[in-house]
Amino acid sequence: MNENIRRLLAQMTALEDELATALHEQETKMFFQIKGKRVEFERAVKQTHRQLKTGFFRWMVTYRPQNLITGPFIYGMIIPLLLFDACITLYQATCFPIYQIAKVRRSDYIVIDRQHLEYLNFIEKFHCTYCAYGAGLIAYISEIIARTEQYFCPIKHARKMLGTHARYAHFLEYGDAEDYEAKLEKYRVALGKEKSLNKFEPE
């Protein structure tokens, strides 16, 4: 990897850290605190939220009918999601220790906390919980697969690819054959030493 690309990636990481800090500061202005697994709002905010909540019967009348019709298809996806969750978690539990890859923490990706929002009725909370699980699960699976790819084949593709994971930018260039086995070993060693989600490249 040339120095210009290395510099740009370092700048991207710094900007991502700055964005995360700014988002956290914004969250603290929303009058809530995180206590363990609970999110607690100030009393006045909580009361305002309750006043803004749409009641069940009004929600049923104003809800888009196409959403209700497609409900069985959406929630039917829970079966493959749960199966995929079990399979990928089992894979990580059995193989990552053998490969000496740092395990992906499920709780870093699957975050269920929207049920604490008082302006959502119980059906909306259920929807939000399902979406949080589905989206978080895909991100969790993506990171496990990304670490696996880094272990076995940390090489970029020749053609441009959309939707690459965060590790991909640090992979070896396509066709860079010089000292490939030695470089591959460094990538593997780095996987076992990871302490930060943003540290992908071997030293």
Estimated inter-spin distance, E18 and T70, nm [label 7 Å along Cα→Cβ]: 3.9
Per-peptide average of other Cβ atoms within 10 Å, ordering 147-154, 125-132, 96-103 highest first: 147-154, 125-132, 96-103
Fewest-first sequence of Y119, Y133, Y187 by Cβ atoms within 10 Å of each Cβ: Y119, Y133, Y187
Förster radius 22 Å - calculated FRET efficiency between I138 and A158 (Cβ-Cβ, nearest 0.05): 0.25
Extension gain, F122 back to L8 (0.36 nm per residue minus Cα-Cα distance, nm): 36.5 nm
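Each value in this text was obtained by applying a stated rule to the coordinates, not by laboratory testing. This structure is a prediction, so every number in the text was calculated from the model and none was measured. Don't worry about glycine lacking a Cβ; one is built from the backbone with ideal geometry, like all the others, and counts go over all protein chains shown.
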